[in-house]
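Right, one structure below, let's go through it.
The values are calculated or read from the model by the stated rules, or taken from the named source; none is laboratory data. Remember, predicted model here, so these are calculated numbers, not experimental data. Here Cβ is always computed from backbone atoms with ideal geometry, including for glycine, and neighbour counts include all displayed protein chains. Accessible surface is based on the protein model in full, side chains and every heavy atom, while ligands, DNA and RNA are left aside. Shrake-Rupley method; radii C 1.70, N 1.55, O 1.52, S 1.80 Å.
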Amino acid sequence: MAWCILEKWYKVINFLTWVLMGSMCLLIGFQIINRFALHLPAPWSEEFCRYNFVWLTMVASAKATHDRQHLAVDIMPYLLERRPLLKNSVKLFAQILALFFFAVIFKQTVFFCLNSIGTSCLTVRMPILYVYIILPVGFLSMFLFELRNTSVTIKNLSKKY
């Protein structure tokens, strides 16, 4: 049941990735037209693009964690190709380290968001918390997706050996 909810959350993240990328392209196009054709730069669009990029980075990172598309050093699995138990054990160890990393960073980003309460953005005068709230949400999503990936790895280890 919990994994079903996580898959629905993945669909939201997938949709949000496309919306953020499209809105960023539109904002950049708007800024280019304003700056070079109309000679009227809009500083708010540049700031929104910057914040949009922060959101896009966190959402796309969560999506990549779900899809197991993060960059990895492939030398260990290649060297351990003939020893599947050791290969899967190394993979499990790396996933547990990633879980620990995501948990620690999640905790720190929550504190970071709590400390940013009361401050606002430079140009648009919106609370900076609206920008930073994606940090704990993104790391929590990465933690949950990696937890699901780790459970699949453990299930595969117990089935094969």
Segment 84-99 and segment 1-73 have their Cα centres apart by a whole-number Å value of 31
Would you mind checking Lys107/Lys159; Lys8/Lys87; Lys87/Lys107; Lys63/Lys87 for any pair whose Cα atoms are more than 28 angstrom apart? Lys107/Lys159; Lys8/Lys87; Lys87/Lys107
For Phe53, what is the net charge nearby, where nearby means another residue's Cβ is under 13 Å from its Cβ and Lys, Arg count +1, Asp, Glu -1? -1
Per residue, accessible area of segment 1-129 with a 1.4 Å probe, heavy atoms of protein chains only, in Å², comes to 71
For mean projected area of the Cα convex hull in nm², one of (i) 12.2; (ii) 9.1; (iii) 10.7 was computed from the structure I shared and the rest are decoys. Which label? (i)
Spin-label point model (7 Å from Cα, Cβ direction): what's the Val152 to Arg82 distance in nm? 2.9
Carbon/sulfur fraction of accessible area - segment 68-161, other protein chains in place, 1.4 Å, %: 69
The answer for Ser120, listing residues at least 5 apart or on another chain whose modeled amide H is closer than 5 Å to its amide H, is Ile128
Go ahead and estimate [θ] at 222 nm for the chain from helices alone: -39,500 (n - 2.57) per DSSP H run with n ≥ 4, summed, over the residue count, rounded to 500. -26500 deg cm²/dmol
Using Cα springs under 10 Å in a Gaussian network model of the chain, which residue among Ile13, Ile75, Ile28 shows the largest mean-square fluctuation? Ile75
